[in-house]
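Each remark here refers to the structure printed beneath this line.
The values are calculated or read from the model by the stated rules, or taken from the named source; none is laboratory data. In this text, all values refer to a predicted model and were calculated from it rather than measured experimentally. Cβ coordinates were reconstructed from backbone atoms using ideal geometry, including for glycine residues, and neighbour counts include every protein chain displayed.
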């Protein structure tokens with residue numbers, strides 16, 4: 001209704017202003033034209049009758065006056081300098097003094113000519129112009145000159161009712177046109193308002209449903225232009241919110257399960273130890289070691305959860321600085337080499353020297369550490385793990401390659417999801433939380449990079465991290 005009202009007001013005001021101006025222009029034009037014609041007629045007749053009043057007899061002058069009045073379709077009067085009527089084409093005012101404003105202006109104020117239109121009432125108009133049922137009359141006065149100067153004035157009473165009727169007819173036509181256009185505009189505005197507001201109404205209904213928790217609702221993507229873009233953007237936002245809600249629910253479910261498992265295991269062990277006080281010392285020691293292992297795994301899960309939460313909330317700010325990525329890679333490989341040797345694994349490296357980039361040193365170290373640690377966990381004893389760092393065009397490329405168990409093709413697109421495990425039983429045996437690769441992906445993304453995986457079951461895996469040479473993403477603290 002607001003759009004409809006606004007459209008109607010704009011159209012109505014615009015046409016009203018146009019109609020008013022047009023009526024004014026027509027009125028001014030017709031009035032100016034009539035004034036000019038009557039003034040010229042009075043001036044021409046004043047020149048004629050000024051000389052006739054000195055030379056012609058009364059009968060001849062009166063006949064000439066009546067003929068001229070009939071030709072003009074009006075009334076002519078000749079007045080002396082005192083304003084007394086000497087001759088009248090109607091033969092009604094002879095000998096009377098007329099106080100017509102235009103006559104006063106000529107005879108008393110010394111003007112050469114004067115003209116005016118009036119609406120004095122029908123009786124006055126009928127008495128002055130002889131036109132019945134007319135409301136308007138015009139007076140045109142002009143001085144009469146004789147051999148010795150001014151001898152009086154000529155008064156031309158013009159019938160202007162026809163002109164005023166024409167003007168009124170124009171006004172009526174404009175009003176009629178205005179009403180027709182206003183009705184048409186109202187109908188058009190009603191149609192347009194429905195067309196324009198229907199997508200918005202649908203969007204509003206969908207948003208109310210979304211506010212009540214239904215994130216699956218979508219709006220039709222119809223039409224073109226901004227409204228279609230609005231619908232597309234809304235549907236995109238709704239889909240993202242639905243995915244986020246599903247991910248959140250899945251995350252909470254997985255987190256609860258992951259936290260519950262070590263707690264349940266420790267509870268069983270503790271209850272066994274409580275209800276079996278005569279348990280052999282070596283079995284008790286084994287239970288204590290297992291509980292310590294579960295506590296470590298529980299601590300790891302909580303630590304990883306806190307890390308992901310900080311990254312999700314953007315509260316884990318980047319400490320951007322220039323980093324010698326070559327030195328960082330060498331240091332990380334050196335740190336994990338003893339762990340690999342303990343497992344009988346071979347950790348080799350191929351690192352290009354003097355490669356620098358802008359980033360957060362601790363976060364990049366965590367990326368490489370997690371990838372190497374993950375490779376060692378899923379590589380059999382005696383296996384090989386190779387770490388490389390090379391520069392390619394405008395990127396730094398890390399590769400962590402192993403000859404371990406590999407990853408099936410159907411699992412590769414999910415391995416960066418939180419709590420996702422290819423082999424859940426084996427993952428728990430190795431101490432994995434299911435969050436390491438998810439953390440790695442987010443840390444790489446914070447630096448504006450990408451991580452991908454290439455793997456074949458039984459042939460190992462290769463994780464590839466590409467980092468831009470320029471300043472990474474995130475906010476420096």
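Observations
- Count of the range 144-169 residues, restricted to those that are in a helix (DSSP H, G or I) and buried (at least 16 other Cβ atoms within 10 Å of the Cβ), is 4.
- Taking first residues from the range 448-474 that are on the phi > 0 side of the Ramachandran plot and not assigned by TED's automatic domain parsing to the domain that holds residue 322 and partners that are modelled with pLDDT under 85 and buried (at least 16 other Cβ atoms within 10 Å of the Cβ), the Cβ contacts under 7 Å between residues at least 6 apart in sequence or on separate chains come to 474/318.
- Residue within the range 89-108 that is surrounded by 19 or more Cβ atoms within 10 Å (Cβ to Cβ) and within 30 Å of residue 17 (Cα to Cα) present: no
- Lone qualifier among 119, 127 - being over 19 Å from residue 143 (Cα atoms) and either in contact with a helix residue (DSSP H, G or I) (Cβ under 9 Å, 6 or more places away or on another chain) or not assigned by TED's automatic domain parsing to the domain that holds residue 162 (or both): 119
- Meets criteria (closer than 26 Å to residue 435 by Cα, assigned to a helix (DSSP H, G or I) and at pLDDT below 75) for residue 240: no
- Residues (out of contact with any helix residue (DSSP H, G or I) (no Cβ under 9 Å at 6 or more places or on another chain) and buried (at least 18 other Cβ atoms within 10 Å of the Cβ)) located in the range 348-371: 358
- Filtered residue count, the range 66-85, keeping only those that are under 19 Å from residue 151 (Cα atoms), out of contact with any helix residue (DSSP H, G or I) (no Cβ under 7 Å at 6 or more places or on another chain) and either without any contact (Cβ under 8 Å) to a residue 12 or more places away in the chain or buried (at least 19 other Cβ atoms within 10 Å of the Cβ) (or both): 2
- Enumeration of residues in the range 372-396 that are surrounded by fewer than 15 Cβ atoms within 10 Å (Cβ to Cβ) and more than 13 Å from residue 469 (Cβ to Cβ): 380, 381, 382
- Of the criteria (1) closer than 24 Å to residue 138 by Cα; (2) assigned to a helix (DSSP H, G or I); (3) free of Cβ contacts under 8 Å to residues at least 24 places away in the same chain, which one residue 93 fails: (2)
- Of the criteria (1) touching a strand residue (DSSP E or B) at 6+ places or on another chain (Cβ under 8 Å); (2) part of a helix (DSSP H, G or I), which one residue 71 fails: (1)
- Options 51, 27: the member that is within 60 Å of the chain's Cα centre (by Cα), touching a residue at least 24 places away in the same chain (Cβ under 8 Å) and in a helix (DSSP H, G or I): 27
- Residue 132 being touching a helix residue (DSSP H, G or I) at 6+ places or on another chain (Cβ under 7 Å), outside the structural domain of residue 27 (by TED's automatic domain parsing) and more than 19 Å from residue 37 (Cβ to Cβ): no
- Number of the exception - residue 449 against (1) modelled with pLDDT under 90; (2) crowded, with 18+ Cβ neighbours inside 10 Å: (1)
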